[in-house]
Structures are given as C-alpha cells and as structure tokens.
Amino acid sequence: MEPAYGTVIAAVRLLWRIQGLSFTITGMENLPAVGGAVVAINHTGYFDFTFAGLPSYRLTPPRLVRFMAKQEVFDHSVTGPIMRSLRHIPVDRSSGAASFDAAVRALGAGELVGVYPEATISRSFELKEFKSGAARMAIAADVPIIPHIVWG
C-alpha cells in the first residue's frame, strides 16, 4: 500500500467508524483484479470519492483508484499536495486533452481511474447527462467501464 494513500484510507475509515457508518456493497465481482478499468461514478457530494474507492480497496489484494478531479482542487494549498501524493489526475475543464491523455496512460499501466461522467455534483440525486470522456478513455485504453453508484 502506498504510504500516503494508506494514511488517507486509515483516517477515513476511522471517521466512518466514529460516525457509526456501515456500507452495503454489491457487484464487486465486476471489478477486475488486475488491469485498467474506468470506474464511472455518480457525483452527489464532495466526499463521495471516499465511498467510491471502497469496493476496490476490499478486493484481495486491495486496489487503489486514481480519481480525476477539477484542477482547482489541486491548486488549493491543503488539498493539492494530498491529491498529488495520491497520484490523482487533475482536470483542466477548459482544456481537457492533457487530463484525458494522463488518464489513458494510467489505464494502460493497469490503474483503476475514477471519473464522474456528469462532470459536476448532482444536487437532485438524479443522474445528469453524461459527458463522453469516460467512454472515450475506455475505448482509447481498451479497458472496461465499471458503472458505480454511490447512494444513501
């Protein structure tokens, strides 16, 4: 386990324990044990990535997700160093070619790449229209798309 990622996971799990949260996870058999895959996640809040990474972490051996996130998160003095240490992928929403290329490279290297096809948080809990990037990345890297819903 990568030191930075392991530390973040331990902190989040402690927070969940303190809050008394429990999770029901279904469909883990659809996650590949090896190789790249695009994990396409609905986006309902700022911390849903913590829940979205849980199924792959429960695989044996655990797998980590490299999430795509807006550049502003990487530019922040607190979250930026954390995001970079976890090897997440910054997205410049005005010019996404570099982030697309970085995601395809990560997929080709066997990483799970988490992407939010809605490209923004849905406050209504209804899925918004998807952007095409997740499908285009999967095609370019010749990897599967794993749909993932965070709910509750």
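The values are calculated or read from the model by the stated rules, or taken from the named source; none is laboratory data. On a predicted model such as this, the values are computed, not experimentally measured, just so you know. Cβ atoms come from the backbone with ideal geometry, glycine included; neighbour counts cover every protein chain shown. The area values use the complete protein model at the heavy-atom level, side chains included, leaving out ligands, DNA and RNA. Shrake-Rupley method; radii C 1.70, N 1.55, O 1.52, S 1.80 Å.
Confirm whether L59 is in contact (Cβ under 8 Å) with a residue 60 or more places away in the chain, of a type outside the set (D, E, K, R) and surrounded by fewer than 20 Cβ atoms within 10 Å (Cβ to Cβ). No, not satisfied. Taking each residue of segment 138-152 that is in a helix (DSSP H, G or I) and looking for partners that are open to solvent by 30 Å² or more (accessible area, probe 1.4 Å) and among the small types (G, A, S) with beta-carbon atoms closer than 9 Å, six or more apart or interchain, yields A140/G108; A141/G108. Any residue in segment 42-56 that is more than 19 Å from M1 (Cα to Cα) and either modelled with pLDDT of 90 or more or of a type in the set (D, E, K, R) (or both)? Yes, because at least one residue in segment 42-56 is more than 19 Å from M1 (Cα to Cα) and either modelled with pLDDT of 90 or more or of a type in the set (D, E, K, R) (or both).
Selection within segment 1-35: residues that are open to solvent by 90 Å² or more (accessible area, probe 1.4 Å) and either outside any helix (DSSP H, G or I) or in contact (Cβ under 8 Å) with a residue 40 or more places away in the chain (or both). The member of this set that is farthest from P144 (Cα to Cα) is S22. Of the residues in segment 89-108, at least one is over 12 Å from the mean Cα position of the chain (by Cα) and acidic (D, E). Taking every residue in segment 70-87 that is free of Cβ contacts under 8 Å to residues at least 40 places away in the same chain and pairing it with any residue that is in a strand (DSSP E or B) and aliphatic (A, V, I, L, M), at least 6 positions away or on another chain, the pairs with Cβ-Cβ distances below 8 Å are K70/V91; Q71/V91; M83/A69.
Within segment 62-81, being surrounded by fewer than 16 Cβ atoms within 10 Å (Cβ to Cβ) and closer than 27 Å to M28 by Cβ holds for one residue alone: P62.
Condition check ((1) aromatic (F, W, Y); (2) within 14 Å of M68 (Cα to Cα); (3) at pLDDT below 95; (4) surrounded by 14 or more Cβ atoms within 10 Å (Cβ to Cβ)) across all residues:
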| residue | (1), (2), (3), (4) |
| --- | --- |
| A103 | no, yes, no, yes |
| E111 | no, yes, no, yes |
| P117 | no, yes, yes, yes |
| K131 | no, yes, yes, yes |
| P144 | no, no, no, yes |
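Reported count of residues in segment 43-56, each being open to solvent by less than 80 Å² (accessible area, probe 1.4 Å) and part of a loop (DSSP other than H, G, I, E, B), is 4.
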